[in-house]
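Peer 1: Sharing a structure here in structure tokens format.
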């Protein structure tokens with residue numbers, strides 16, 4: 001099988017899968033994208049080539065884009081492996097491979113060390129905002145001159161132009177964080 005025909009099969013499966021996920025029959029989709037049910041049936045079964053105008057209409061009707069319909073299957077490993085930074089007492093799992101809107105990434109972070117002491121140097125700043133929710137344990141956030149405790153089930157959101165740092169309080173803590181590119185550079189890279 002050639003790569004073109006593999007992509008063709010993939011697109012057809014995606015169209016059928018999205019249609020079925022919405023609970024639509026061939027007639028339902030056909031009426032919404034102004035094609036006949038028999039044309040859609042032949043497209044889904046591979047008995048008819050898909051024209052660009054048809055693909056555009058089908059994608060729009062199914063609430064997706066042509067790019068998403070023709071995107072090759074991802075050959076990446078689906079297992080997310082942790083990255084340890086023992087010097088900083090952090091283990092990180094990047095939960096989003098690609099950057100989301102505005103370059104945002106999602107990470108699970110296990111913290112085992114308290115935040116650095118203010119006396120040990122200046123706290124970092126960077127453009128943007130940080131957001132995290134505590135899955136377990138307690139996190140201390142040093143934010144300017146304030147020290148804030150964020151406990152299991154609570155969340156924190158703050159401007160990162162305020163000098164800041166965070167770490168575990170009284171034992172390990174796990175958080176889910178949403179970070180912009182500056183936050184990722186500052187918090188996840190040694």
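Peer 1: Given the conditions (1) at pLDDT 85 or above; (2) touching a strand residue (DSSP E or B) at 6+ places or on another chain (Cβ under 9 Å), which single one is not true for residue 145?
Peer 2: Of the numbered conditions (1) at pLDDT 85 or above; (2) touching a strand residue (DSSP E or B) at 6+ places or on another chain (Cβ under 9 Å), the odd one out for residue 145 is (2).
Peer 1: Inspect all residues belonging to segment 108-124 and state whether any of them is at pLDDT 90 or above, buried (at least 19 other Cβ atoms within 10 Å of the Cβ) and within 18 Å of the chain's Cα centre (by Cα).
Peer 2: yes
Peer 1: Residue 139 versus (1) surrounded by fewer than 20 Cβ atoms within 10 Å (Cβ to Cβ); (2) in contact with a strand residue (DSSP E or B) (Cβ under 8 Å, 6 or more places away or on another chain); (3) closer than 19 Å to residue 88 by Cβ: which is the lone unmet condition?
Peer 2: That leaves (1) as the condition not met.
Peer 1: Could you tell me whether any residue of segment 93-106 is crowded, with 16+ Cβ neighbours inside 10 Å and out of contact with any strand residue (DSSP E or B) (no Cβ under 6 Å at 6 or more places or on another chain)?
Peer 2: No: segment 93-106 contains no residue that is crowded, with 16+ Cβ neighbours inside 10 Å and out of contact with any strand residue (DSSP E or B) (no Cβ under 6 Å at 6 or more places or on another chain).
Peer 1: For segment 153-179, which positions are within 24 Å of the chain's Cα centre (by Cα), in a loop (DSSP other than H, G, I, E, B) and surrounded by 14 or more Cβ atoms within 10 Å (Cβ to Cβ)?
Peer 2: Scanning segment 153-179 gives a single hit, 160.
The values are calculated or read from the model by the stated rules, or taken from the named source; none is laboratory data. The model shown is predicted, which means the values in this text are computed figures rather than measured ones. Cβ atoms come from the backbone with ideal geometry, glycine included; neighbour counts cover every protein chain shown.
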